[in-house]
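Note sheet for the following structure.
What follows is calculated from the coordinates using simple rules that are stated; it is not laboratory data. Computed from a prediction, not measured in an experiment: that's the story for all the values here. For neighbour counting, all protein chains shown are included, and Cβ atoms are generated from backbone atoms with ideal geometry for every residue, glycine included.
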Amino acid sequence: MFDLEHQIRQWRRGISIRLPIHSDAVAELEDHLREAVQRHVQNGMTQEAAWTKAMEELGSPDSIMIEFNKLPGYAVYRWWPARIVMGTYFIVALLASSFIVSRLLTGKIDMLLAFHVLTITLGYAAVFSISAIAAWSVLSRAFRGWSDTETEVLSRTTWYVTVSALVLTILGMVLGGFWVYSQTGQYWSWNPKEIGGVTLVAWNALVLLLLYRRKSERIEMVLGLMGCALVTLCWFGPIFVTSGALYGQRGSEMPVRVAFIEIASLLTLLSLVMLPAGHVRFRR
Amino acid sequence: MHNASMELTKELMGASVAPLILAILKDGESYGYALIQRVRALSSGEIEWTDGMLYPVLHRLEEQQLIESYWKTAENGRKRKYYLMKDSGHKALAIQREQWRLVSQTLNQLWGDATCST
């Protein structure tokens with residue numbers, strides 16, 4: 001006996017393999033198939049004949065895959081939040097580079113340390129960039145609504161920037177290891193800065209794994225926001241610990257205040273992620 | 001519409017898909033299956049798309065920021081992806097319309113076929 005649901009499940013398996021990054025298109029094509037079958041049945045066909053005709057009209061999974069493969073990638077550079085954040089990132093990178101080069105030229109730091117500081121700064125700042133895009137996305141989704149295209153472009157932006165963050169952080173840690181070796185004779189000592197670096201490498205790898213496995217704007221936004229908290233802790237935490245700022249010395253209130261504001265902002269944004277898209281509207 | 005049964009060339013079919021989609025979406029949101037049925041009805045069945053070929057075009061138009069999409073639950077309870085025109089899509093359609101008009105006028109002058117006038 002003909003089982004339509006079984007046929008659709010089999011077709012879905014075949015097309016999903018061919019369109020791995022177009023999960024929404026697979027769902028869309030399935031809806032199309034179901035409607036076509038329904039119409040043909042209404043016109044007097046048997047379910048089996050309707051299925052065969054609908055499949056003929058739709059085209060083979062391979063021909064659909066060929067057409068989808070002709071699509072250009074979703075252009076991240078056209079998404080204006082990404083433009084603003086990445087523009088800011090490059091300005092920060094330029095300023096950081098200028099500062100480090102000036103210290104290098106004046107002999108305050110050596111070449112190895114200069115490149116270590118620069119790569120670590122750019123790697124950590126990249127995670128902040130993802131957080132800024134995530135924060136914008138959360139607010140935009142809550143107040144204005146959200147489209148599949150934005151999920152796609154957010155996913156791609158997060159992916160590219162996280163890859164950059166991961167590579168830069170690993171490079172920075174390796175350079176840092178060599179610099180520490182030149183100073184102390186050992187590569188690694190599990191100090192707070194090193195633990196912070198390892199934590200961020202692991203975090204970036206986890207983000208990439210989760211993005212690879214599943215595409216969802218909520219997951220992408222939560223990962224972006226959590227990255228902000230983590231990079232703050234890993235970047236500035238060791239500085240405050242080693243400088244003693246958290247132990248009641250002068251100026252200790254500022255980091256506590258900043259941390260409080262950041263936690264409150266993150267909790268607010270995380271609660272907005274839980275709401276349906278476009279749920280928050282200003283009423284006149 | 002012409003009486004003679006004809007099959008559009010692949011090139012002409014490819015060139016006309018985007019303006020046809022934009023022209024239909026100009027009147028309001030729609031979804032893949034409905035777009036195909038509308039074109040089929042308007043052309044009295046002369047324009048026959050392979051259904052699966054429409055979706056990459058829709059995705060491309062979306063990527064080009066000419067249309068946007070969203071999912072909603074249809075009357076039959078199934079989730080369905082709807083497409084609607086963006087402002088840039090209206091502008092693109094106006095340009096395409098002028099281009100097609102120019103081609104059509106030129107061919108009409110060459111062929112002297114009044115029935116093909118737009």
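Over the protein assembly as shown, the ratio between the Cα radius of gyration and 2.2 N^0.38 Å evaluates to 1.30. The slack between A:Thr199 and A:Val280, meaning 0.36 nm per residue of separation minus the straight C-alpha distance, is 25.7 nm.
Cβ crowding within 10 Å ranks A:Met1, B:Met53 as A:Met1, B:Met53, fewest other Cβ atoms first.
The GNM of chain A, with springs linking C-alpha atoms under 10 angstrom apart, assigns the highest mean-square fluctuation among A:Leu270, A:Leu211, A:Leu29 to A:Leu29.
Taking Cα atoms only, the orientation of helix A:192-213 departs from the longest principal axis of chain A by about 10 degrees. Over the residues of the protein assembly as shown, the helix contribution to mean residue ellipticity at 222 nm works out to -25000 deg cm²/dmol, using -39500 (n - 2.57) for each DSSP H run of at least 4. Considering only A:Pro238, A:Val207, A:Gly14, the residue lying farthest towards the positive end of the dipole of chain A is A:Pro238, judged by Cα position with unit charges set on Cβ.
Relative to its residue count, the range A:71-227 spans a Cα convex hull of 120 Å³ per residue. Taking +1 at the Cβ of each Lys and Arg and -1 at the Cβ of each Asp and Glu, which of A:Gln47, A:Ile66, A:Leu29 sits farthest along the dipole of the range A:4-69 towards its positive end, judged by Cα position relative to the Cα centre? My answer, from the dipole projection, is A:Gln47. Between the helical axis of A:253-274 and the longest alpha-carbon principal axis of chain A there is an angle of about 0 degrees.
The C-alpha atoms of chain A define a longest principal axis, and helix A:4-18 lies at about 40 degrees to it. Here each label is just a point 7 Å from Cα along the line to Cβ, and for B:Gln65 and A:Asn191 those points are 4.7 nm apart. Of the residues A:Val258, A:Val26, the one with the fewest other Cβ atoms within 10 Å heads the list, and the complete ranking is A:Val258, A:Val26.
Counted by neighbouring Cβ atoms within 10 Å, the residues B:Ile67, A:Ile263 run from fewest to most as A:Ile263, B:Ile67.
The charge dipole of the range B:10-86, taken about the Cα centre with unit charges on the Cβ atoms of Lys, Arg (+1) and Asp, Glu (-1), comes to about 260 debye, rounded to the nearest 20. Which of the GluC sites (Glu not before Pro) found in the range B:7-88 are in a DSSP loop and have at most 12 neighbouring Cβ atoms, other than their own, within 10 Å? In loop regions of the range B:7-88 (DSSP not H, G, I, E or B), the sparsely surrounded GluC sites (Glu not before Pro) are B:Glu7, B:Glu75.
In this calculation the C-beta distance from A:Leu210 to B:Gln37 is compared with R0 = 35 Å, giving a FRET efficiency of 0.30. Dipole of the protein assembly as shown computed with +1 at Lys/Arg Cβ and -1 at Asp/Glu Cβ about the Cα centre; of B:Leu20, B:Trp100, A:Val153, farthest Cα towards the positive end is A:Val153.
Need the full-extension length gain, A:Phe178 to A:Ile66, defined as separation in residues times 0.36 nm minus the C-alpha distance. One decimal, nm. Result: 35.5 nm gained on full extension. Here, the range B:10-86 is characterised by an Rg to Rh ratio of 0.95, where Rg is the alpha-carbon radius of gyration and Rh the Kirkwood radius.
The fraction of all Cα pairs in the range A:4-69 landing in successive 10 Å bins from 0 to the largest distance is 22, 54, 21, 3, given as whole percents. Across the range A:124-135, rounded Karplus estimates of 3J(HN,Hα) from the backbone phi angles (6.51 cos²θ - 1.76 cosθ + 1.60, θ = phi - 60°) give 5, 5, 4, 5, 4, 4, 4, 5, 5, 5, 5, 4 Hz, Gly and Pro being marked x. Per residue of A:29-36, other chain Cβ atoms within 10 Å of the residue Cβ number 6 on average.
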